[in-house]
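Structure first, then comments.
The values are calculated or read from the model by the stated rules, or taken from the named source; none is laboratory data. What you see is a predicted model; the values in this text were computed from it and never measured. Cβ placement follows ideal geometry from the backbone for every residue including glycine, while neighbour counts extend to all protein chains displayed. The protein model used for the area step is the full one, side chains on, heavy atoms only, and it has no ligands, DNA or RNA in it. Shrake-Rupley method; radii C 1.70, N 1.55, O 1.52, S 1.80 Å.
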Amino acid sequence: MSVLQKINPDVKLMKQLEYAFMAKLAIHIKEQLRKGVKKPYKTIIDVSFGDPHKAGVKPLTFARQVIAACTYPKLMNSDKLPLDAKQRAQWLLDRCPGQSVGSYTATAGIPETVHKISAFITRRDGGAPSDPKNIFITAGSQWALMNILNVLVNKQASPRTGVLTPAPGHDKAVLSIVGMGGETIPYYLTEEQGWALQVEELQRALDSAQGVCKPVALYVINPGNPAGHVQSRKSIQEVIRFVSEKRLFLLADEVYQDCVQGENTEFVSYKRVLNEMGPPFSETVELASFHSVSKSVMGECGLRCGYVELVNVDPAVMKHIFTLFSKGSCSPVLGQIALDVMINPPQPGDPSYTLYNQETQHIRDMLIQNAKRVYEVVNSLPGLSCQPVDGGAFAFPRVFLPPKAIKKAKDLGMEPDTFYSVRLLEEAGVFVRPGCGYKQKKDTYHIRFCIMTPRDMMDELLGRLTSFHRKFMMDFA
Amino acid sequence: MSQQAVNGVQCRAKVLTLDNMNPYVKRVEYAVRGPIVQRAVQLEKELKEGIKKPFTEVIKANIGDAHAMGQKPITFLRQVLALCAYPELLEDNKFPEDAKKRAQRILDACGGHSIGAYSASQGIECIRQDVSRYIEKRDGGIPSNPDNIYLSTGASDAIVTMLKLMVCGEGRDRTGVMISIPQYPLYSAALAELGAVQISYYLDEDKCWSLDVKELRRALNEARQHCNPRVLCIINPGNPTGQVQSRQCIEDVIRFAKEEHLFLMADEVYQDNVYAEGCKFHSFKKVLFEMGPEYSSTVEMASFHSTSKCYMGECGFRGGYMEVINMDPEVKAQLTKLVSVRLCPPVPGQALLDLVVNPPQPDEPSYTTFVKERTAVLAALAEKARLTEQVFNTVPGITCNPVQGAMYTFPRITLPQKAIDKAKEEGKVPDMFYCMKLLEEEGICLVPGSGFGQKEGTFHFRMTILPPTEKLKVVLQKIREFHIRFTQEFS
């Protein structure tokens, strides 16, 4: 009998990802294609992850030049790298112990980079002060979020600790909360209103927790994932007032702040609004805001780096948060370098400025165009509808599945949108994620796909989706 | 300060306080980056600002960070990683062909040919295959299945993940985890955070920190009265103690784990750091399989390795892996699910690991330089290990076991009663009092033995053997002088 017959029950409770079996299917199809099996498509378009590089978006040249020079300092003598890249690399190396990216850094990250982050935040937020002591660089935003949740979720508490989470909302935070012995309390975004967050819904969700769990925090994703909404200033103020009144810790996942496509749409951070609202809110609301190098136009998901800024957190608790972070030693140093470039890019006059600006503008234009195209094409298809993708990296169209399709799915033991997604993968070679993985309203079905892809890939995707969808709707009419 | 606070009006109570936060987190300590290190950082700041001190630099001999102490990176590794980061360099003829080949292979395995793409959460498949082949070669041909390899963010990530998976139960049924005293405080921190029961077994200082199964049995039997022991952790070569366990010892531990139905966690991150004559690294897996099918098909185990130590010292890359053996398939599915939450390990760390398990071969252009650099690093460490033991043993009041392996020395210090009393007065643990004084007077940062665990009434410190030889000589001399002074001051 295995020693491990009994394992942590909270881990068991974490929902098995639908994605896992679809990923296997995708690998299988790729293998078939490689072997020359005839299919209506030559390659799979994999838009299942928010991974721009995988989709073919190029890394930013300056960032990679700096990383390469830091990794192999002999390149400082090379004429292949521009002066500002070499200078930045030297600046960073001078701040790494032993002048090596192989050394551990301070727990919270390279101190000077942390200072730069605080300057970045202040610039972004119209002058709102930011204290470097409250900033931690981490191995990705999820890692930071897990550590903060770990402090919030009191395993010994009865009833269990609850965290309000958006529905739809990406699953990582939910899995973390459950895995720690906490409960998630979903609040539903309003699809018909562009996935807006209604405070009344927050109240309903909070009320539903009565007698079930003890809510301690509210988790928001802005811009949203998978829903592509960007909260207005007014909406953010409402949420801040709500958490203040209800005494909740606010977790603001803002990793997509760099991805704003909507016309007349502006990202404004929770910290900025909090600061603008002045006392008592600005001095009392406890907030953790998260950012990452994975989701900006940098798209450096594989480098695993992000940061969290903590606001108004009890100093005694901060000490423990620091200890928690310290046992993971530090974030990957190459990721910290990418972060340094992200929050402090080449400036006008710098040798690399033109190219950097060109590359980032190209990606932003690509996002804007993709968002527009997706909105137009998807909404032109009967049986599909899509809210404007004002921000974020994903489209989350609704699929109005015919009853026959829903029945077929149930017969196969699948969620209806999983069934649709599997068919889409098999028949059209487009790999999306079914909406059931994101907590959608009952009896509604969606698919999620990444829109941070090269233009031609998006066009190809939309073409295949169009043909597939028309056929699917006919087959199940 | 707000006007309210200034006027003494009752400030609104915090939402998140010491009273309602996760109580387990409050118990977490990690001495390696703890209060003494924070003080050291403070002193460094003050030196930078021009404040006069009895020393001109702070020597951070607290953390196993080789590069921070001047060890140079291995050229080949950095060349390949630079090529991976900026593939335009593949056109640069200053890079050797074997480096370019490795880089191209790694990039081909990355989404969009970029190290910035997520990898599968278990790690890039071809790298896991390379790790398997490395393990097979290391262990004399014993098969290794790439499906049992999980790449991780340093070994720490994998260790914590396994503990998280296994810790369960309430009250007397709460999972107990056996760990050595002294131990690397990641273990005690993780166990505190998870609310697991720590079952301490003492290494024998008088016998070179060796492990006696009798002691394992004593600890286990005592623990059975108040918890459910299910895991046995062992660090070999040891941290902080540096002992390299004998083959016999490893067999005994495996037998014990089987008899007592324990999951074995073998932390082997220092496997290349073996210096002492007559000492050899034996992998737990190899010994397990050589013990025959009665053991090799039943004992459940995970072994851990990392790119932070050995000859690479690439701590900042956060590369590592674990190999799980004989794990129940259903449990393995849960493990796979658990690792997916943190998405994937850093891709540069995965790439680095690939190079470590797949180094230049004799027929390749980079081979000679690679071997030269690797040998130099390991030889320097061996010399420093020997030097450290030698010098410390000349100091009255310090006794030092041979540094057989790893990167640290953990000498025992005799403290005069007056010093112990003074420490108590100041609310400090005696060896913390000692180490703080050393830091303030000499600018040398060590970690007190209390941070790792030690027999009651004994005191130690952990010092790394990583500073360059000449600097190390100076450090040893300063500690020697300090200890004599300290003993006199408190006599």
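The share of alpha-carbon pairs in segment A:104-343 lying farther apart than 26 Å comes to 34%. Taking 28 Å as the limit for the C-alpha separation, the pairs A:K24/B:K309; A:K74/B:K100; B:K280/B:K384; A:K319/B:K424; A:K24/A:K172 exceed it in the case of A:K24/B:K309. Entry for chain B at q = 0.07, 0.12 Å⁻¹: log10 I(q)/I(0) = -0.41, -1.17, Debye formula applied to identical alpha-carbon scatterers, no solvent contribution. In chain B, the DSSP-assigned H stretches of four residues or longer account for a calculated mean residue ellipticity at 222 nm of -13000 deg cm²/dmol, using -39500 (n - 2.57) per stretch and the full residue count as denominator.
Each listed q (0.05, 0.07, 0.10 Å⁻¹) maps to a log10 I(q)/I(0) for the protein assembly as shown from the Debye sum over equal C-alpha point scatterers, namely -0.29, -0.59, -1.26.
Basic side chains Lys and Arg get +1 at the Cβ, acidic Asp and Glu get -1 at the Cβ, and with that the dipole of the protein assembly as shown about its Cα centre reaches some 560 debye.
For the residue pairs A:K407/A:K442; A:K6/B:K164; B:K258/B:K455; A:K30/A:K372, alpha carbon separations beyond 18 Å are given by B:K258/B:K455; A:K30/A:K372. List the pairs from B:K60/B:K437; A:K12/A:K155; A:K295/A:K327 whose alpha-carbon separation is above 19 Å, in the order I gave them. Checking Cα-Cα distances, A:K295/A:K327 exceed 19 Å.
Distance from the alpha carbon centroid of segment A:10-86 to that of segment B:442-475 works out to 43 angstrom. Relative to one another, the C-alpha centroids of segment A:238-303 and segment B:66-84 are positioned 38 Å apart. Bridges between two residues of chain A, per DSSP, are antiparallel at a rate of about 50%.
Size check on chain A: the Cα extents along the three principal axes, sorted descending, read 65, 61, 60 Å.
Excluding A:G392 itself, calculate the net charge of residues whose Cβ lies under 12 Å from the Cβ of A:G392, where each Lys or Arg counts +1 and each Asp or Glu counts -1. So the environment of A:G392 carries a net charge of -2. In segment B:14-58, the residues whose accessible area drops by at least 50 square angstrom when the other protein chains are added to the isolated chain are B:K14, B:V15, B:L16, B:L18, B:N22, B:Y24, B:V25, B:Y30, B:R33; the probe is 1.4 Å and only protein heavy atoms count. Listed by chain and number, the aspartates and glutamates placed with their C-alpha closer than 17 angstrom to that of A:K39 are A:E31, A:E426, A:E427, A:E460; residues fewer than eight positions away on the same chain are left out. Averaged over the residues of B:115-127, the number of partner chain Cβ atoms lying within 10 Å of the residue Cβ comes to 5. Rounded to the nearest 100 Å², what's the accessible area chains B and A bury against each other, both chains counted, probe 1.4 Å? In total, chains B and A hide about 7700 Å² from solvent.
Cα centroids of segment B:95-170 and segment B:183-201: 26 Å apart. Please label the shape of segment B:181-339 as rounded, prolate or oblate, based on the square roots a ≥ b ≥ c of the eigenvalues of the alpha-carbon gyration tensor (a/c under 1.5 means rounded; beyond that, a/b larger than b/c means prolate, else oblate). Here segment B:181-339 falls in the rounded category. When exposed loop sites are taken as GluC sites (Glu not before Pro) in a DSSP loop with at most 12 other Cβ atoms within 10 Å, the longest stretch of chain A clear of them is A:1-262. Between B:Y187, A:P215, A:V66, the Cα set farthest toward the positive side of the dipole of the protein assembly as shown (charges on each charged residue's Cβ, about the Cα centre) is that of A:P215.
Magnitude of the charge dipole for chain B, about its Cα centre and with charges confined to Cβ atoms of Lys, Arg (+1) and Asp, Glu (-1), is about 980 debye. Shielding of peptide A:94-100 by partners, expressed as the average count of other chain Cβ atoms within 10 Å per residue Cβ, is 6. In segment B:140-246, the inverse of the mean reciprocal separation of distinct Cα atoms equals 15.0 Å; this is its Kirkwood hydrodynamic radius. Summing Lys and Arg as +1 and Asp and Glu as -1 over all other residues whose Cβ lies under 10 Å from the Cβ of A:K471 gives a net charge of 0. Of all lysines in the structure, the ones whose alpha carbon falls short of 16 Å from that of A:K234, not counting any fewer than 8 places away in one chain, are A:K271.
The calculated 222 nm mean residue ellipticity attributable to helices in chain A amounts to -14000 deg cm²/dmol, summing -39500 (n - 2.57) over DSSP H runs of n ≥ 4 and dividing by all residues. Counting other C-beta atoms within 10 Å, and keeping those with at most 10, which DSSP coil GluC sites (Glu not before Pro) do you find in segment B:26-130? Of the GluC sites (Glu not before Pro), the ones in loops of segment B:26-130 whose Cβ has at most 10 other Cβ atoms within 10 Å are B:E49. Where the accessible area of segment A:74-140 is counted over protein heavy atoms with a 1.4 Å probe, how much of it, in %, is carbon and sulfur? Here carbon and sulfur together make up 55 percent of the probe-accessible area.
Averaged over its residues, segment B:103-357 has an accessible area of 29 Å² per residue, based on protein heavy atoms and a 1.4 Å probe.
Loop-resident trypsin sites (Lys or Arg not before Pro) (DSSP state other than H, G, I, E or B) in segment B:14-84 with no more than 16 further Cβ atoms inside 10 Å of their Cβ: B:R27, B:K52.
Across all Cα pairs in segment B:243-290, the calculated P(r) in 5 Å bins from zero up to the longest distance comes to 5, 20, 31, 24, 13, 5, 2 percent per bin.
Partner aspartates and glutamates whose Cα lies under 18 Å from the Cα of B:K52, excluding those fewer than 8 positions away in the same chain, are identified as B:E44, B:E440, B:E441, B:E442.
If you plug the beta carbon distance of B:E330 and A:E200 into 1/(1 + (r/R0)^6) with R0 = 45 Å, you get a FRET efficiency near 0.55. When the chymotrypsin sites (Phe, Trp or Tyr not before Pro) in segment A:326-409 are filtered for DSSP coil states and for at most 16 other beta-carbon atoms within 10 Å of their beta-carbon, the remaining sites are A:F400. Entry comment: accessible area of segment A:176-264 is 35 Å² per residue, from protein heavy atoms only and a probe of 1.4 Å. Computing the accessible area with a 1.4 Å probe over protein heavy atoms, can you report the carbon and sulfur percentage for chain B? Here it works out to 51 percent.
For B:347-356, what's the mean count of beta carbons from other chains sitting within 10 Å of each residue's beta carbon?
For this peptide, the per-residue mean of nearby foreign Cβ atoms is 3.
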